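Colleague: Below: one structure in structure tokens.
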């Protein structure tokens, strides 16, 4: 009787607590959903904040100027030769055309403000034009030149110039009124920013571009790929197919796993001490960057290549051996081709990681201010993430949008590489 | 001809010899009654010839380039004027540098007098002779090697065995590169650190509380003797990593639990890759986000409730770093949670517990070692993370536990000490390597422990 009683007691106890326990169950589930939603919203906030800051950088404001290109203003003779044209004063011509538009700017300070409406790059555009067609000297024509970054961003943002007090800018009243007149005359135009993709770095935000960094990244990745891919595949083949089970192999395996988790900046220290200070390879060069990054990506590629090799079933190897293939022929003719999609996927993911890496490259001096497009792997260069880092440090406001835009380009490349990796996996993966 | 072109030429010659050797193998075979009479395949004979052509030549090029500078410099030693030799090794070094620069770029630090010009002329001549000699030697060796190998194409030559042996050496060499990398890392940080500890006492470094690495450049400079007490850096690193873990562990663990236990296959296949994107975003992007969006936002919120927040607060850097680490924690925990045998869950359900009770009282305790391992790995990642802190944390070396103040970390100081102009022997730059050594040792210990724990855990359920 007492046993019966205790069972019914327990049952009522359980029944009574059931609602509470189910509520706890629901709460626990909600925590999980909340964690996932929060993590994903961090991602969304990050991307939205970068894209919203970066989009304006893909547009640039141009100013239309009436250029009166007299030989006298250029300071050259009537039929100038090339050397004379090279040293001619194009800036004077641009300034003159600005003064003609706004004769009211008379004092020194006003003139300085006026000249500041147009980018410093304008004279180089004019220079290129004249060097290519010297016959235009003595003619009058209209020319679209880049606006300075301050006016450029006001116009790009579509700020209402009739209410200048609402605009956040470093432009003064005079400059704003001139900008308004230029706008009313239809002398301002917002176009796609080609300079961003065609120029190297510059101290002038409106002239700064990512081409030098892109080429630097391409060179660096090329070196990384051509070193890490063959070495990693060879190492993976050895460890997976040939290595005897002994202590040495264990050491190599543990070592590779640990290397994969060494902070990237330590690889930078290695590059600085060994390749630059000991072997005297050139500082700031993609070749050193590529070597350092390939040492860094090797473990990643080795680990994924081994997984791909392991996934090839032993029956393939046995069949090949049965037909008289040597150990190496088994691997090169049968196992490796079948594992290739997996290996390539791992390689692309490793390279994507290398493309986004910054810290080790700071150590080997790839933070230089690079205006020129690097021509070879031993030229001084910078890479895209380092360019992002450099611009993020710049005080000018216009560099914020440049930085975000460079990040967008970087992310686009990463997305593209990962998409290729996913495609390779989906298209060629075989289930045995 | 530069060394690079020479290497390319050697490789081109090797390709030619492969084709020729393969052809030769067919010809030899036809004399001996077809391919069947040969020991190896024609491509093996081709490979053998190519290797004989390229390997000795490449070895000579590399060896030559390694000893060339020493030999040339010792030849040049004879032509150094007596008064410079008397002035000591530093002056000799300078003189040699000048001559080298004269040859390379026509620009030198001193005046290019007649003696230096003569020496430069001599150096140029020596370099020219050396490069011509190398070219002739390397090409001769390549051709001789290839023709010797061509003679060996016979039915009983075991070309396949030779080639495969060489390939196997290449495979072993590649696998050893991982070891070499570790040796290189250890050697480079240890050697430079030892030099640092000759100048700065080890205990002052690990226990000192004052960090101001500005050393005097000139001997008579005042007020900048430099003090290298790294405790503020360790505290700053721990503070930021701790904040990061506070963000990452709950979010990562709860997402992992939900994905592993509750989510349907479809949700899992969508959410998991999305979370992994967080790990794929370059750290420089997080740094920019932390410095430009999160730090001002935290400052704004803090000030509106009356707190003084530094614009480079540890909280901003730590929180963003935590977001970056969420996927590490979640995917590692996901792996270990799914590895818990279904039988344990079934047992728990059989006793009448709900799903969340099973997870909390059976699955998580069973998976705990693995989860701890994952968290340790994530912590090592946080300690070694560089760009976020370089961009969002400050340079102020302070000992504080207040997350709203600016702190600095080990990695920030390494970057600051090593970027920009530097003199390689000064304590300032060597200090970066000592910090690197600390970083390497700590992260290595964390990794070894974590990998061990995870491996033990896996073995338990396999």
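Colleague: What's the total number of residues in region A:198-232 that are surrounded by 24 or more Cβ atoms within 10 Å (Cβ to Cβ) and under 24 Å from residue A:252 (Cα atoms)?
Modeller: 3
Colleague: Still on this structure, I have one more. Inspect region A:205-217 for any residue being assigned to a helix (DSSP H, G or I) and within 14 Å of chain B (Cβ to nearest Cβ) and give the result as yes or no.
Modeller: yes
Colleague: Still on this model: If we scan region A:175-197, do we find a residue that is within 13 Å of another protein chain (Cβ to nearest Cβ) and crowded, with 22+ Cβ neighbours inside 10 Å?
Modeller: Initially, region A:175-197 is screened for residues within 13 Å of another protein chain (Cβ to nearest Cβ), giving none.
Checking region A:175-197: not a single residue is within 13 Å of another protein chain (Cβ to nearest Cβ) and crowded, with 22+ Cβ neighbours inside 10 Å.
Colleague: Name the helices (runs of 4 or more DSSP H) wholly inside region B:377-462 in which the number of residues that are facing chain A (nearest Cβ under 7 Å) and either touching a residue at least 24 places away in the same chain (Cβ under 8 Å) or in contact with a helix residue (DSSP H, G or I) (Cβ under 8 Å, 6 or more places away or on another chain) (or both) is 3 or more.
Modeller: The helices (runs of 4 or more DSSP H) meeting that bar are B:410-418, B:427-461.
Colleague: Go through (1) under 30 Å from residue B:322 (Cα atoms); (2) modelled with pLDDT of 90 or more for residue B:190 and report which single condition fails.
Modeller: (1)
Colleague: Also: Residue by residue through region A:27-42, note down the ones that are closer than 21 Å to residue A:411 by Cβ and more than 9 Å from chain B (Cβ to nearest Cβ).
Modeller: First, the residues of region A:27-42 that are closer than 21 Å to residue A:411 by Cβ: A:39-42.
Within region A:27-42, just A:41 meets the criteria.
Colleague: Out of B:284, B:249, B:301, I need the residue that is assigned to a helix (DSSP H, G or I), modelled with pLDDT of 90 or more and away from chain A (no Cβ under 12 Å). Which one?
Modeller: On the way: B:284 fails: away from chain A (no Cβ under 12 Å); B:249 fails: away from chain A (no Cβ under 12 Å).
Every option except B:301 fails the conditions.
Colleague: Then there is this: When you go through A:295, A:227, A:221, A:239 one by one, which is the residue that is away from chain B (no Cβ under 11 Å), touching a residue at least 12 places away in the same chain (Cβ under 8 Å) and either touching a helix residue (DSSP H, G or I) at 6+ places or on another chain (Cβ under 9 Å) or closer than 14 Å to residue A:360 by Cβ (or both)? I'd like the intermediate steps shown before the answer.
Modeller: Working: A:295 fails: away from chain B (no Cβ under 11 Å); A:227 fails: away from chain B (no Cβ under 11 Å); A:239 fails: away from chain B (no Cβ under 11 Å).
Just one listed residue meets the conditions, A:221.
Colleague: Evaluate the following for residue B:55: is it surrounded by 13 or more Cβ atoms within 10 Å (Cβ to Cβ) and at pLDDT below 85?
Modeller: Against the criterion (surrounded by 13 or more Cβ atoms within 10 Å (Cβ to Cβ) and at pLDDT below 85), residue B:55 does not qualify.
Colleague: If residue A:45 passes every condition in (1) away from every other protein chain (no Cβ under 14 Å); (2) surrounded by fewer than 16 Cβ atoms within 10 Å (Cβ to Cβ); (3) out of contact with any helix residue (DSSP H, G or I) (no Cβ under 7 Å at 6 or more places or on another chain) but one, which one does it miss?
Modeller: (1)
Colleague: Something else: I'm checking my understanding of the structure. Among residues of region B:319-341 that are more than 14 Å from chain A (Cβ to nearest Cβ) and either assigned to a loop (DSSP other than H, G, I, E, B) or surrounded by 24 or more Cβ atoms within 10 Å (Cβ to Cβ) (or both), which one is farthest from the chain's Cα centre (by Cα)?
Modeller: This residue is B:341.
Colleague: Quick one: residue A:300 ticks every box in (1) away from chain B (no Cβ under 11 Å); (2) in contact with a helix residue (DSSP H, G or I) (Cβ under 9 Å, 6 or more places away or on another chain); (3) modelled with pLDDT of 90 or more; (4) farther than 27 Å from residue A:276 by Cα bar one, so which box is it?
Modeller: Answer for residue A:300: the failing condition is (4).
Colleague: Residue under question is residue A:388, and the condition is that it be free of Cβ contacts under 8 Å to residues at least 60 places away in the same chain and either buried (at least 22 other Cβ atoms within 10 Å of the Cβ) or within 30 Å of residue A:170 (Cβ to Cβ) (or both); does it hold?
Modeller: Working: free of Cβ contacts under 8 Å to residues at least 60 places away in the same chain: yes; either buried (at least 22 other Cβ atoms within 10 Å of the Cβ) or within 30 Å of residue A:170 (Cβ to Cβ) (or both): yes.
Here the answer is yes, as residue A:388 does meet what is asked.
Colleague: Does residue A:263 meet the test of being touching a helix residue (DSSP H, G or I) at 6+ places or on another chain (Cβ under 7 Å), within 30 Å of residue A:376 (Cα to Cα) and within 11 Å of chain B (Cβ to nearest Cβ)?
Modeller: In short, yes.
Colleague: Another one. Only residues that are over 26 Å from residue A:284 (Cβ atoms), without any contact (Cβ under 8 Å) to a residue 12 or more places away in the chain and either within 10 Å of another protein chain (Cβ to nearest Cβ) or not in a helix (DSSP H, G or I) (or both): list them for region A:393-421, please.
Modeller: Once the filter is applied, which keeps residues that are over 26 Å from residue A:284 (Cβ atoms), without any contact (Cβ under 8 Å) to a residue 12 or more places away in the chain and either within 10 Å of another protein chain (Cβ to nearest Cβ) or not in a helix (DSSP H, G or I) (or both), region A:393-421 yields only A:415.
Colleague: Same structure again: Tell me which of these residue B:173 doesn't satisfy, since it passes every other one: (1) more than 28 Å from residue A:238 (Cβ to Cβ); (2) without any contact (Cβ under 8 Å) to a residue 12 or more places away in the chain.
Modeller: Condition (1) is where residue B:173 drops out.
Matching residues to (1) out of contact with any helix residue (DSSP H, G or I) (no Cβ under 6 Å at 6 or more places or on another chain); (2) farther than 19 Å from residue A:63 by Cα; (3) in a loop (DSSP other than H, G, I, E, B):
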position	(1), (2), (3)
A:83	yes, yes, no
A:88	no, yes, yes
A:127	no, no, no
A:135	yes, yes, no
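Colleague: Considering (1) assigned to a helix (DSSP H, G or I); (2) more than 14 Å from every other protein chain (Cβ to nearest Cβ); (3) surrounded by fewer than 19 Cβ atoms within 10 Å (Cβ to Cβ), say which one residue B:370 fails and leave the rest.
Modeller: (3)
Colleague: Please enumerate the residues belonging to region B:252-276 that are within 7 Å of chain A (Cβ to nearest Cβ) and either free of Cβ contacts under 8 Å to residues at least 24 places away in the same chain or not in a helix (DSSP H, G or I) (or both).
Modeller: B:254, B:258, B:271, B:274 - these are the residues of region B:252-276 that are within 7 Å of chain A (Cβ to nearest Cβ) and either free of Cβ contacts under 8 Å to residues at least 24 places away in the same chain or not in a helix (DSSP H, G or I) (or both).
Colleague: Let me ask something else. From the list A:351, A:390, pick out the single residue that is over 28 Å from residue A:156 (Cβ atoms) and in a helix (DSSP H, G or I).
Modeller: When all the criteria are applied, what remains is A:351.
Colleague: Now for a different question. Kindly indicate whether residue A:24 is surrounded by fewer than 17 Cβ atoms within 10 Å (Cβ to Cβ), at pLDDT 85 or above and within 14 Å of chain B (Cβ to nearest Cβ).
Modeller: yes
Colleague: Output the number of residues of region B:287-298 satisfying the condition of being away from every other protein chain (no Cβ under 13 Å) and crowded, with 22+ Cβ neighbours inside 10 Å. Give the derivation first.
Modeller: Of the residues in region B:287-298, the ones away from every other protein chain (no Cβ under 13 Å) are B:298.
From the residues that got through so far, the ones that are crowded, with 22+ Cβ neighbours inside 10 Å too are none.
Residues meeting the conditions: 0.
The values are calculated or read from the model by the stated rules, or taken from the named source; none is laboratory data. None of the values given here were measured: they were computed from a predicted structure. All Cβ positions, glycine included, derive from the backbone under ideal geometry; neighbour counts span all protein chains shown.
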